[in-house]
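Asker: Pasting in a structure now, in structure tokens, and then I'll have a few things to ask.
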Amino acid sequence: MASHHNTIPELAHRLQQPAIARRQRLYKIVAILFLISLLLSVIATPFVRAHLQAVAVLDLVAGKPVPWLVRQTVAEPISTQDFTLPTSNGPIRARLYIPQSHPDAPAIIVLHGVHHLGIDEPRLIAFSTAMASCGLRVLTPELPDIKDYHVGANSIATIGDSAVWMSQHQDNKSVGVMGLSFAGGLALLAASDPHWHRSIKFVVAIGSQDEMARVATFYRTGEDPLPTGDPERLTPHEYGALVLEYEHLEDFIPAGDPASLAAIRNVLRAHLYEDWPGEKAVLATLTPAQLAIAHQLMDTTSPTTRSLLAHAETLHIEDMAGVSPHGHLKQLTTPVYLLHGAGDNIIPSAETEWMATELPAASLQAELISPVLSHINLDGANPTAMDQWRLVHFFALILHAAESH
């Protein structure tokens, strides 16, 4: 009989166990949901969200895996629209990246660097896609001169007119402009011009020139003086000198020889395009005299070539001044963000330091010289975690500025 007396409380206890377990599971679920909602509310904070988006954008551009939670901040599906954009220099190709859920989102213009693919350059497409996935409209206008390796003043008007067009298509609100390489310096010149100043909300110059003549001298000497007076010493990449040769090839070829001018231009074009089979094929068609000139110009480290470059510089002093922000920044009221790769040997980072010294303190929003970058690639040597964080914070500032009305 004693065993029967014990079964009643035991049975009650056993009946209570599932209910207790269910309550414990419910408490855990509520706690998890609370933590998720708390986390989502933190992520929803604009500045926190901008930092997470910056992480995602940089990882996507670098081809790195993006953590699931971070990826949710750049999950906006996008569409693209190719069209012809009217400018004072004539119609140009343009592409608009549009977040499908926010077709009227704030916009930013991204300007390609000196590259023959223009707005079809894969890195530009990847970056623009990632930025649009953050919920921004991204306009990439094609700069015909820059695409053809000519850094000329005509592109300033094309940039300014693109900003006006984009502003008109977002209720006349000004638009941020990000310029890569030489296009960044030209964007600063557009912002300093009264014709376009009001249409430009801010400028981001990445790996850009302050004074073109100083950059041209660097291609010959390997030195770019810092504002402190100390020289920044780097081995120049051949690309910079070859672009100058290509742009003013008539200064390097004997006068009255149009055949040689055309033939050697084809060689340099193929080399700049990294079309090695094409370069080899063109070289095979040259006369011995033309071949000697081509080999000379391709050797950008030889004293003879550097002497030719120095002479060409003297012929284009005014042209170089016309594409140099130097002397135009002291009165600039447009917010400016400056970013440069610490080891950039195409446009040395000293150029960004010069711009920073000339800009008014109220205009300079951020300046970063980062070992994460080389020129405009995320392939710098041995960056630390803090270096990575500084770059994330820099891009978060840009995203926050672009998204704010």
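Asker: On the accessible surface of region 267-328, probed at 1.4 Å, how many percent belong to carbon and sulfur atoms?
Answerer: Using a 1.4 Å probe with all protein chains present, region 267-328 comes out at 62 percent carbon and sulfur.
Asker: Let me ask another. Given R₀ = 45 Å, FRET efficiency for residue 291-residue 81 by Cβ-Cβ distance, to 0.05?
Answerer: So, using R0 = 45 Å, E works out to roughly 0.45.
Asker: Please compute the modelled spin-label separation between residue 379 and residue 89, points set 7 Å along Cα→Cβ, answer in nm with one decimal.
Answerer: 2.8 nm
Asker: Could I ask something else about it? If you look at just the Cα atoms of region 124-182, how large are its Rg and its Dmax in Å?
Answerer: In Å, with Rg to one decimal and Dmax whole: 12.4, 34.
Asker: Between residue 389 and residue 62, what is 0.36 nm times their sequence separation minus the Cα-Cα distance? Round to one decimal in nm.
Answerer: 116.2 nm
Asker: Can you tell me how much longer the chain between residue 126 and residue 72 gets when fully stretched, taken as 0.36 nm per residue apart minus their C-alpha distance, in nm with one decimal? Let's see the in-between values first.
Answerer: Values: separation 54, 0.36 × 54 = 19.44 nm, distance 1.73 nm.
Answer, rounded to one decimal: 17.7 nm.
Asker: Turning to a different aspect of this structure: Rg and Dmax of region 40-107 over Cα atoms: what are they, in angstrom?
Answerer: 15.6, 48
Asker: Tell me, what is the per residue accessible area of region 181-247 in Å², probe radius 1.4 Å?
Answerer: 34 Å²
Asker: At 7 Å along the Cα-to-beta-carbon direction for both residue 195 and residue 237, put a label point, then send me their distance in nm to one decimal.
Answerer: Each label point is offset 7 Å from its Cα along the Cβ direction, giving 3.1 nm.
Asker: A follow-up question, please. Just to verify a number: FRET efficiency for residue 307 and residue 357, C-beta to C-beta distance, R0 = 45 Å, to 0.05?
Answerer: Efficiency, rounded to the nearest 0.05: 0.90.
Asker: Still on this model: Tabulate in residue order the Karplus-calculated ³J(HN,Hα) for region 361-366, using 6.51 cos²θ - 1.76 cosθ + 1.60 with θ = phi - 60°, rounded to whole Hz; enter x for Gly and Pro.
Answerer: Along region 361-366, the couplings run 4, 6, 8, 6, 7, 6 Hz.
Asker: Roughly how many Å² is the accessible area per residue of region 266-312, as a whole number, for a 1.4 Å probe? Don't skip to the end; give the middle numbers.
Answerer: Numbers: 2590 Å² over 47 residues.
Counting only protein heavy atoms, the per-residue value for region 266-312 is 55 Å².
Asker: Then there is this: Checking a compactness column here: for region 364-405, what do you get for Rg(Cα) / (2.2 N^0.38 Å), N being the number of residues?
Answerer: Values: Rg = 11.4 Å, N = 42, 2.2 N^0.38 = 9.1 Å.
Relative to the 2.2 N^0.38 Å estimate, region 364-405 comes out at 1.26.
Asker: Given 10 °C and 1.306 mPa s, how large is the Stokes-Einstein diffusion coefficient of the chain in µm²/s, with Rh as the Kirkwood radius over Cα pairs?
Answerer: Reported coefficient: 67 µm²/s.
Asker: Now a separate question. To the nearest 20 debye, what charge dipole does the chain have about its Cα centre, counting +1 at the Cβ of each Lys and Arg and -1 at the Cβ of each Asp and Glu?
Answerer: Working: 25 positive and 40 negative charges, 521 e Å.
Around 2500 debye, computed over the chain.
Asker: Name all residues of region 335-349 having a backbone nitrogen under 20 Å from the label point set 7 Å from the Cα of residue 226 along its Cα→Cβ direction, giving them as ranges.
Answerer: So the set is 338-349.
Asker: What value in Å³ per residue do you get for the convex hull of the alpha-carbon atoms in region 111-215? List each step's numbers first, then the result.
Answerer: Values: hull volume 9.7 nm³, N = 105.
Cα convex hull per residue, to the nearest whole number: 93 Å³.
Asker: If we sort 54-64, 240-250 on the protection proxy, mean other Cβ atoms within 10 Å, highest first, what's the order? Intermediate results must be reported in sequence, preceding the final value.
Answerer: Numbers: 54-64: 18.5, 240-250: 20.2.
Result, highest mean first: 240-250, 54-64.
Asker: Enumerate lysine pairs in the chain that are 8 or more residues apart or on different chains, then count those whose Cα atoms are under 26 Å apart.
Answerer: On the way: 147/201; 147/280; 173/201; 173/330; 201/330.
Lysine pairs satisfying the spacing and distance rule in the chain number 5.
Asker: Sticking with this structure for a sec: Over all directions, average the projected area of the Cα convex hull of region 270-405 and note it in nm².
Answerer: Values: hull surface 49.6 nm².
Taking a quarter of the hull surface, the average projection is 12.4 nm².
Asker: Rounded to the nearest 500, what is the chain's calculated 222 nm mean residue ellipticity when only DSSP H runs of at least 4 contribute -39500 (n - 2.57) each, over all residues?
Answerer: Calculated at 222 nm, the ellipticity per residue is -16000 deg cm²/dmol.
Asker: Residue by residue, what Karplus-based ³J(HN,Hα) values in Hz, rounded to whole numbers, does region 115-132 have, using 6.51, -1.76 and 1.60 with θ = phi - 60° and x for Gly and Pro?
Answerer: The phi angles translate into 7, 5, 7, x, 6, 9, 5, x, 5, 5, 4, 4, 5, 5, 4, 5, 5, 5 Hz.
Asker: OK, next. Which residue, chosen from 51, 350, 332, occupies the Cα position most advanced towards the positive end of the dipole of the chain, where the dipole is computed from +1 (Lys, Arg) and -1 (Asp, Glu) charges on Cβ about the Cα centre?
Answerer: Toward the positive end, the furthest listed residue is 51.
The values are calculated or read from the model by the stated rules, or taken from the named source; none is laboratory data. Everything quoted here is computed from the prediction, not taken from an experiment. So basically every Cβ, Gly included, is an ideal-geometry build from the backbone, and we count neighbours across all protein chains shown. Note: areas computed on protein heavy atoms with side chains; ligands, DNA, RNA excluded. Shrake-Rupley method; radii C 1.70, N 1.55, O 1.52, S 1.80 Å.
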